[in-house]
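> Pasting a structure here, questions to come.
Every read-out reported here was derived from the displayed coordinates using simple, explicitly stated rules and does not represent laboratory data. Source: prediction; values computed, not measured. Note that we place each Cβ from the backbone using ideal geometry, even for glycine, and neighbour counts take in every protein chain shown.
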Amino acid sequence: MARLAVNVDHVATIRQARRTIEPDPLLAAGIAELAGAEGIICHLREDRRHINDRDLRLLRETVKTKLNMEMAAVGEMVGIALEIKPDLVTLVPEKRMELTTEGGLDVAARTGEIDKVCERLRSAGIPVSLFVDPSEAQIRAARQCGGDIVEIHTGRYAEARGEKEASSEFERISRAVQVALEAGLRISAGHGLNYVNIKRFKAIPAIEEYSIGHSIVARAVIVGFAKAVRTMAELVEGF
Ligand code: PXP
């Protein structure tokens, strides 16, 4: 049975739009766990555009399932991870101007550097997941660097236009899963998955965990909207 891990970055994105205190990703994480999430994910970006150091610290104290810290493979983040000790670190590429993580980590081109980061984290007892494109070369490089898990980037599948392209991207993911299995890696997947495009993954039972954020936050805003308006209307009507 696969597991769902919920990324709470976009709850923090809404908070940061007003630089205020709500909505709090901590509360969202607690609710996600109560609702069945088996892991909480947050990405501490170098520019702190959504999750900040306080969120990470308090999530470490309050998450009861498994805290997965996404981060760039840079010295500052390694230092923070060694101090916070998340249950898992996922190394992702990071560009300042991107809207969200674009493409997987180019492990094949940065083997030496990624290898050192994996080694520092693993020797502190923190397992490492590498977020890679569904490519054989990247998966083999992830193995070579001593990664415990590969998270396969599903963005191209999610953004595919039309059935033909979606099928061919899904086929690439299936082949990548096979390579990862043969390499003895554990497998998760994520990026751009939603309530429709996730259904196809029933065909790949080897994927142990799905990392999903945006579609859940987007749905929460819509399905919770009427209730939130009703509560405010009742307050105002009582004047
Ligand atoms: N996995 C990784 C490595 C990511 O960077 C993200 C986006 O923050 C996700 C999964 C979740 O993607 P989405 O928000 O599109 O569900």
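> Report relative contact order for region 50-94 in percent, whole number only (criteria: Cα-Cα under 8 Å, sequence separation at least 6).
Averaging sequence separation for qualifying contacts and normalising by length gives 43 percent for region 50-94.
> While we're looking at this one, here's another question. How high is the relative contact order of region 64-149, given as a whole-number percent (alpha carbon pairs under 8 Å, six or more residues apart)?
29 percent
> In terms of Cα to Cα distance under 15 Å, which aspartates and glutamates are near enough to Lys85, apart from those fewer than 8 places away along the same chain?
The reachable aspartates and glutamates, counting only those whose Cα sits under 15 Å from Lys85, are Asp53, Asp55, Glu61, Glu70, Glu76, Glu119.
> In addition: Using unit Cβ charges (K, R positive; D, E negative) and no other charged atoms, how large, in debye to the nearest 20, is the dipole of region 131-218 about its Cα centre?
Computed about the Cα centre, the dipole is about 160 debye.
> Compute the whole-percent fraction of alpha carbon pairs in region 1-114 spaced more than 17 Å apart.
Roughly 55 percent, once rounded to a whole number.
> What is the fewest-to-most order of Met77, Met71 by other Cβ atoms lying within 10 Å of their Cβ?
Fewest-to-most ranking of Met77, Met71: Met77, Met71.
> About the Cα centre, and with charges only on the beta carbon of Lys, Arg (+1) and Asp, Glu (-1), how big is the dipole of region 68-126? Nearest 20 debye, please.
Dipole about the Cα centre, nearest 20: 140 debye.
> Hey, another quick one. So for the pair Arg110, Ala226, with labels modelled 7 Å out along Cα→Cβ, what separation do we get in nm?
Label-label distance for Arg110 and Ala226, simple model: 4.6 nm.
> State the percent of C-alpha pairs, over all pairs in the chain, separated by a distance greater than 33 angstrom.
18 percent
> So what is the calculated 222 nm ellipticity per residue for the chain, using -39500 (n - 2.57) for each DSSP H run with n of 4 or more, over all residues, to the nearest 500 deg cm²/dmol?
-14500 deg cm²/dmol
> Roughly speaking, what is the centre-to-centre gap between region 139-212 and region 90-132 when only Cα atoms are used, to the nearest Å?
Spelled out, the Cα-based centre of one part sits 17 Å from the other.
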